[in-house]
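Input: a single structure, listed below in structure tokens.
Taken together, the values in this text are just the output of simple stated rules run on the coordinates, not laboratory data. As the structure is a computational prediction, the values presented were derived from the model and not from experiment. Cβ: placed from backbone, ideal geometry, glycine included. Neighbour counts: every protein chain shown.
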Amino acid sequence: MTESKWIDISQPLTNDMAHFPGDTPFDYSLTYSIEQTGSVNVGQMTGSLHTGTHIDAPFHYDSKGKTIEELDINLAIGKAKVIDVSDAEKITAETFQGYDFKGISRVLLHTSLPNNPNRFPDKMPDLDPGVAPLLKEKGVKLIGVDMPSVDAPDSKDLATHHALYDNGIFILENLMLDHVVPGDYELVAVPLAITGADASPVRAVLRSLS
């Protein structure tokens, strides 16, 4: 039997990629070239930790919350269910009726938002805070979305961030799921151990369990 291949569901980090309005854009450049050093190219990068595919730490929306290096990396490794909710402009607890979450503690939502890393969306599907208690009841510990945020870009109260946090559910954002068939997978999306940070970029990958 041939082993399933890993599927990359991360946004490539490029200098022309979209970023959250008002935030620091991503930039990669060479600090030194081989011509300068005589031996190696050395690069540098700058940009918001919320650019591209990333995991939020609770510190992002709670000054007393854990920072990214304090999170259990096992949250981002293990069985995940990809669910197609692309027919819903408002994703509610009812959206998840009929799904079997047995043995699954990570849920990835393929929404109606097209995967386009070079354009920040004018409008995104609404993820209702009411999904959090239901997902907690189902044993979910991490939710991933193919949107820049689980809340609207102009939200100040971040109701869905806080509802998920209050129910022990961590947040993975800016996934690329247009090319992924709904079903059960093994997920790896480990954050960097950036001391004191509110988020971290990840290289998120899936491998089919079917």
Cα centroid separation - the stretch 129-196 against the stretch 30-60, whole Å: 25 Å
Just want to confirm a number: the relative contact order over the stretch 48-175, from Cα pairs under 8 angstrom separated by 6+ residues, in percent. 30 percent
Looks like the stretch 13-108, by Cα gyration tensor root eigenvalues a ≥ b ≥ c and the a/c under 1.5 rounded cutoff (else prolate when a/b is bigger than b/c, oblate otherwise), is prolate
Just want the ordering: Glu173, Glu186, from fewest to most Cβ atoms lying within 10 Å of their own Cβ. Glu186, Glu173
What is the antiparallel percent of DSSP beta bridges lying wholly in the chain, to the nearest 5? 65 percent
For Phe59, what is the net charge nearby, where nearby means another residue's Cβ is under 13 Å from its Cβ and Lys, Arg count +1, Asp, Glu -1? -3
Quick shape check on the stretch 53-143: root eigenvalues a ≥ b ≥ c of the Cα gyration tensor, a/c under 1.5 is rounded, otherwise prolate if a/b tops b/c, else oblate, and it reads oblate
Sorted by packing (mean other beta-carbon atoms within 10 Å per residue), highest first, where do 23-33, 192-202, 61-71 land? 192-202, 61-71, 23-33
How would you rank Arg106, Arg207, Arg119, going from fewest to most other Cβ atoms within 10 Å of each one's own Cβ? Arg119, Arg207, Arg106
What FRET efficiency comes out for Glu137 versus Asn115 if R0 is 22 angstrom and r is the Cβ-Cβ distance? Round to the nearest 0.05. 0.15
Given a Förster radius of 22 Å and the C-beta distance between Asp122 and Asn15 as r, what FRET efficiency does 1/(1 + (r/R0)^6) yield to the nearest 0.05? 0.50
